[in-house]
Amino acid sequence: MKISKCTRAINALSVLQIFVIITFAGNVFGQVKTEEQPKTPEQTKTTTQVKVQAAQVNNFVQRFDDKFLINLALQRNDSETKKMLFLSNSLTYVAYGIPAALMVGGIVRHDGEMRQNALYVGSSTAITLGATLLMKAIFKRRRPFVQNLKIVAVYNAGSTSFPSGHTSTSFAVATALSRAYPKWYVIVPSYLWAGSVGYSRMYLGVHYPSDVFGGAVLGTTTSWLLKPAFK
């Protein structure tokens, strides 16, 4: 299968982005796991007190974000937290492992379409991550546990909050895979995994719901718009 000039240009840019992104990826994916922070009396208020305080926030989205994360944190348990950490940490292996596996498979089987799909998934991941870093630098939204002391995070996450880099990248991978292989047994697991990664970011207290929503839209849109370049 012939690769268009447009695709060659995108691939070249993607390779360049990967070198740049590797330098800064720690700001998006970097995690320093700590023991869950002990709750102070201020952080163990009743649901009624939380709602009253949250209602004092003028911004509707911020008010919803705060209430959602506070209530979610109150439902944590050790077993569920370990699962959420596993899902969150799975991103790096899946995001880099899938395009690498497709490329190796395409080379071994002399399958040009598989190699093209590897470039599509890899480019979607790289470009989405680049866009995420740019948006983080523009919006500079503080992490939930920094913005609101009543929100207790499971670990200390670096970088800024909007959009969620884990979510944007996982949805970019899921969308690219689903468009490359439009079969239900690819689409359903891909989006279930991406959605689970997004939920884990909220459960762990490191991203607001609006951060996750923004990341999902960004990753999905980037992969969708990039597909015509890889026919």
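Please report, largest first and rounded to whole Å, the three semi-axes of the ellipsoid equivalent to region 74-183, where each semi-axis is the square root of five times an eigenvalue of the C-alpha gyration tensor.
Each semi-axis is the square root of five times an eigenvalue, giving 33, 18, 10 Å.
Compared with the direct C-alpha span, the chain from V61 to V217 gains 54.5 nm at full extension, assuming 0.36 nm per residue.
The peptide list 184-192, 170-178, put in order of mean Cβ contacts within 10 Å with the highest first, becomes 170-178, 184-192. Amide H contacts for N156 (H built 1.01 Å from N in the peptide plane; partners 5 or more residues away or on another chain; cut-off under 5 Å): V32, T34. Maximal additional length on extending the V146-N71 stretch stands at 25.3 nm, based on 0.36 nm per residue less the C-alpha distance. Taking every protein chain into account, the 1.4 Å probe leaves K82 with about 150 Å² of accessible area, to the nearest ten. Taken along the Cα-to-beta-carbon direction at a fixed 7 Å, the label points for N156 and Y93 span 2.7 nm.
Given R₀ = 30 Å, what would the calculated FRET efficiency be for W184 paired with E80, taking r from the Cβ atoms and rounding to 0.05? Step by step, r from the Cβ atoms, then E = 0.60. The peptide list 209-220, 70-81, put in order of mean Cβ contacts within 10 Å with the highest first, becomes 209-220, 70-81.
The values are calculated or read from the model by the stated rules, or taken from the named source; none is laboratory data. Source: prediction; values computed, not measured. Neighbour counts run over all protein chains shown; Cβ positions are idealised from the backbone, glycine included. Accessible surface is based on the protein model in full, side chains and every heavy atom, while ligands, DNA and RNA are left aside. Shrake-Rupley method; radii C 1.70, N 1.55, O 1.52, S 1.80 Å.
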